[in-house]
1. Using +1 at the Cβ of each Lys and Arg and -1 at the Cβ of each Asp and Glu in the chain, identify which of L291, L319, Q210 lies farthest towards the dipole's positive end.
2. Using alpha carbons only, how many degrees (0 to 90, rounded to 10) separate the axis of helix 138-148 from the longest principal axis of the chain?
3. State the volume of the convex hull built on the alpha-carbon positions of the range 103-292, expressed per residue in Å³ and rounded to an integer.
4. Figure the gain on full extension for A230 and K2 (residue separation times 0.36 nm, minus the Cα-Cα span) and round it to one decimal in nm.
5. For each of D254, D185, count neighbouring Cβ atoms within 10 Å of the residue's Cβ, then give the residues from fewest to most.
6. Roughly how many whole Å is it from the C-alpha centroid of the range 141-204 to that of the range 72-115?
7. If we sort 137-147, 200-210 on the protection proxy, mean other Cβ atoms within 10 Å, highest first, what's the order?
8. Using the Cα centre of the chain as the reference point, and only Cβ charges (+1 on K/R, -1 on D/E), how large is the resulting charge dipole? Debye, rounded to the nearest 20.
Amino acid sequence: MKALVTATFHPRELERLRSWMPVEYQDWRQRGEIYFDGTKFAHRINEARADVLIVEADLVHEDVLDHTNLQLIACCRGDPINIGLAKATSLGIPVLYTPARNARAVAELTIAYMLALARHLFSVNQGLKQGTLRFEKASDYLAAYQRYGGFELGSSSVGIVGFGAIGQRVARLASAFEARVLAYDPHVAPEVFRSEGVERCASLEELLPQVTFLTLHCPLTPETFGLIGARELRLLPRGAYLLNLARAQIVDDDALYEALTTGHLAGAALDVFAQEPVQPENRFVQLPNVLVSPHLGGATCNVVEHQSKMIVDDIALWLAGKRPRYLANPEVWDHPRRKRPNLP
């Protein structure tokens, strides 16, 4: 049995994996290439004689699965959208994945953005560095205090849309700053909100008028596409802030731009954009009241360690004949053709 690893992987977990089987490691980030061509990728898998495949960005669809003899696939993503799950299941191939691997990273960046917006950190830094913020007399100090003093997070209300792993972490962090925390997620049981000490809202109409910060952490689905449009933005109090570290398509871009340029929203923080990678010419990047980052929410070095450990822990279970904890196609476990470890 042999593993081909094209995902970015932590050295310690590679060594654990090597204690069980030979491993060929080709980090896609170092390689500078994603396997989009299934024929080419299938050839590479067969060349490596791999039974176990661990990917992050490479596509593993029918053109790969039909021409390889994989026993296990692992995907270092919270949602294995690059894997042909239905095909893998039909072939009896378990697919591992790493839900919430980046929850802490995204939640921490969310709070960092809230603090930066509340205290006008970007504007103050930019003014000082560019020389447009100067202090030559007492009135200059007073003007800066009045304009840039901002407010404490503990005096604000944080509204969370999407109360999964990331949303719950945001709630805990915001609560530590003594903010009032409200959340809306029709797919999460009421007791989860109670256990986190969060006010549960039954609808967006109930949530939106009450918040200082609206932060989005729901997945992109047909139900959430365009969830926040002109009507929803108008329900927010004047001077509120919107943060989107989920998916750009959850928000109506034109409606958001209008809310930001007319002054209804005081500002926004965006880590996701309709067209990515985002470029400096993007209209939101150009706005002075918007903080931006190029989809870096879950890109900390720690996330690599999290995802690597989750995958190797589950491979250990699979090798022992036990059900992995994070199985993207759980129905495969009782499949009559389920692939089992080909151990010597």
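1. So the residue furthest toward the plus end is L319.
2. 40
3. 121
4. Details: separation 228, 0.36 × 228 = 82.08 nm, distance 5.31 nm.
Computed gain between A230 and K2 is 76.8 nm.
5. Placing the least packed residue first, the sequence is D254, D185.
6. Cα centroid to Cα centroid, the span is 25 Å.
7. Packing proxy ranking, top to bottom: 200-210, 137-147.
8. On the way: 36 positive and 39 negative charges, 167 e Å.
Result for the chain is approximately 800 debye, rounded to the nearest 20.
Read-outs throughout are calculated quantities, based only on the coordinates presented, and are distinct from any laboratory measurement. Just so it is clear, the structure is predicted and the values come from calculations on it, not from any experiment. All Cβ positions, glycine included, derive from the backbone under ideal geometry; neighbour counts span all protein chains shown.
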